[in-house]
Number of protein chains: 2
Amino acid sequence: MTVTDSAYATTAPAAAVTTCAQPLVHPRPTGQDRYTISEVVAATGLSAHTLRWYERIGLMPHVDRSHTGQRRYSNRDLNWLDLVGKLRLTGMPVADMVHYAELVRAGEHTFPDREELLTAHREDVRRRIAELQGTLAILDHKIDIYADARRASERA
Amino acid sequence: MTVTDSAYATTAPAAAVTTCAQPLVHPRPTGQDRYTISEVVAATGLSAHTLRWYERIGLMPHVDRSHTGQRRYSNRDLNWLDLVGKLRLTGMPVADMVHYAELVRAGEHTFPDREELLTAHREDVRRRIAELQGTLAILDHKIDIYADARRASERA
DNA sequence: CGCTTGCTTGGAGTGCACTCCAACTCTCTA
DNA sequence: TAGAGAGTTGGAGTGCACTCCAAGCAAGCG
């Protein structure tokens, strides 16, 4: 297992799992390992623009090319995009994700830095969850008021 | 107590605020009902720019003015800004908040619309909490991997 | 051969939510 | 009376995360 294997791979070995009945998230278009950009668009929901932009800003490991210069994404790339998608969902700024990608490229000696970055982000996510739950209570309260008013007017 | 404009003009605006110990939520600078923009800045954490911008885009009810044309915010305005702040924390787009503000201005007959808007938003918030919790699990998993590596190297 | 489809590029444009600027007025204090 | 300091305005600028564009290349098909 190489450095990049462990680093860019988010979850299970994905290509091997073709027997899986209906993977809900990110169906891998073929069982193979060289996907065109449009296949990746279909698999990830990102636009081709965004995929190329991610590459330009250094958010992707080097994507392989066909003999005609077209991108060929590997399963590892897809796994990486999976992680990026999760981090993005949590509102991590792209700049931070780029930083993380740089750490991954730099090699195993950045493990502590990566752990720290993710731990800090986890704290952030926890804080946000708490925040959202607090707001949920306020929302409930206001909705109750409107619902009470509605029930009162329906009775009348 | 009759609150005249000149009475407020002579009151040093910031003086009252500097003493404030650190009440958790939105300390109301004076016990009164006509706050200057800088008092509202101190109370809400929003910038004066943002407060004026909120007004321009229709996110505020009409803010009262002093005889010299300066804004004087009421406690009701502060309460409204409080709600806006909560909604903003949950990532509600400003356009939606403006829509809600319009409904409020339109009167009580918009109660059902308001209830619907808030209910839809609550669903959104719930979805986001679930999303964040899902990501938390992935974060935990990756942090574990790095932590294991660190402990292994510390033992070695 | 021409046509369509899919991909390539750098750079420009978009939408959101602020954020700042220049030029001005008003009031208070020295 | 001069200057500091808080406030006013419309419009321009900023940063982020895309999103689109124009021009061009390569492969497959009739």
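The values are calculated or read from the model by the stated rules, or taken from the named source; none is laboratory data. Because the structure is predicted, anything quoted here is derived from the model rather than measured. We place every Cβ from the backbone using ideal geometry, glycine too, and count neighbours over all the protein chains shown. Only protein heavy atoms, including side chains, enter the accessible area calculation; ligands, DNA and RNA are left aside. Shrake-Rupley method; radii C 1.70, N 1.55, O 1.52, S 1.80 Å.
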Return a yes/no flag: does segment B:42-56 have any residue that is more than 10 Å from chain A (Cβ to nearest Cβ), β-branched (Val, Ile, Thr) and within 12 Å of DNA strand C (Cβ to nearest atom).
yes
Quick one: is B:Pro93 in contact with a helix residue (DSSP H, G or I) (Cβ under 8 Å, 6 or more places away or on another chain) and either under 30 Å from B:Glu131 (Cα atoms) or without any contact (Cβ under 8 Å) to a residue 12 or more places away in the chain (or both)?
no
Looking only at helices (runs of 4 or more DSSP H) that lie completely in segment B:44-108, which have at least 3 residues being more than 14 Å from DNA strand D (Cβ to nearest atom)?
B:75-89, B:94-106
Just a yes or no: is a residue in segment A:71-82 within 14 Å of another protein chain (Cβ to nearest Cβ), touching a Leu at 6+ places or on another chain (Cβ under 8 Å) and open to solvent by less than 70 Å² (accessible area, probe 1.4 Å)?
yes
Can we say B:Ser153 is over 22 Å from A:His121 (Cα atoms) and open to solvent by less than 70 Å² (accessible area, probe 1.4 Å)?
no
Filtering segment A:101-126 down to residues that are within 10 Å of another protein chain (Cβ to nearest Cβ), open to solvent by 80 Å² or more (accessible area, probe 1.4 Å) and basic (Lys, Arg) yields A:Arg126
Condition check: assigned to a helix (DSSP H, G or I), at pLDDT below 95 and either within 13 Å of chain A (Cβ to nearest Cβ) or under 23 Å from the mean Cα position of the chain (by Cα) (or both). Does B:Glu154 satisfy that?
yes
So which of B:Thr90, B:Thr135 ends up being within 7 Å of chain A (Cβ to nearest Cβ), buried (at least 16 other Cβ atoms within 10 Å of the Cβ) and more than 22 Å from the chain's Cα centre (by Cα)?
B:Thr135
Cross-chain or 6+ apart pairs with Cβ under 7 Å, segment A:117-133 first and hydroxyl-bearing (Ser, Thr, Tyr), then open to solvent by less than 60 Å² (accessible area, probe 1.4 Å)
A:Thr119/B:Ile143
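Yes or no, residue by residue, for (1) touching a Gly at 6+ places or on another chain (Cβ under 6 Å); (2) away from every other protein chain (no Cβ under 14 Å); (3) at pLDDT 95 or above; (4) open to solvent by 70 Å² or more (accessible area, probe 1.4 Å):
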{"position": "A:Ser38", "(1), (2), (3), (4)": "no, yes, no, yes"}
{"position": "A:His62", "(1), (2), (3), (4)": "no, yes, no, yes"}
{"position": "A:Ser66", "(1), (2), (3), (4)": "no, yes, no, no"}
{"position": "A:Ile143", "(1), (2), (3), (4)": "no, no, yes, no"}
